[in-house]
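One structure is given below, encoded as structure tokens.
The numbers here are math on the coordinates, done by the rules we state, and not lab data. These numbers come from a predicted model, not from an experiment. Positions of Cβ are generated from backbone atoms using ideal geometry, with glycine treated the same way; all protein chains shown enter the neighbour counts.
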Amino acid sequence: MSESQVLTSEQKAQYLANNGAMCPFCQSDNIEGDTLQSDGDVWQNVRCLDCGGEWQDIYTLTAIDQPDLRD
Ligand SMILES: [Zn+2]
């Protein structure tokens, strides 16, 4: 990728609607993420192997569970 592209709010919304499964720039599923990082917020650097786009997935705590106590 030669220069950064700015994602539109529509591209971001579509990425989230796809659960982060496809590149927000070119819609490829040939993407790979680094390990999760945390310093209060949790995020992951992700890149597209087809178009070279780079972005960050940002994670939010959404639920709590006790799997050992399930039926
Ligand atoms: Zn891409």
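Structure values in brief
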quantity	calculated
Cβ-defined net charge surrounding S28, 12 Å radius [Lys, Arg +1; Asp, Glu -1]	-2
Dipole in debye (nearest 20) - segment 9-59, about Cα centre, beta carbon charges: Lys, Arg +1; Asp, Glu -1	120 debye
Residue-averaged 222 nm ellipticity for the chain, from DSSP H runs of 4+ at -39500 (n - 2.57), nearest 500	-3500 deg cm²/dmol
Charge tally in the Cβ shell below 15 Å around L49, where Lys, Arg are +1 and Asp, Glu are -1, L49 excluded	-4
More than 18 Å apart - percent of Cα-Cα pairs taken over the chain	47 percent
Distance in nm between pseudo-label sites at Q14 and E32 (7 Å out along the Cβ direction from Cα)	2.5 nm
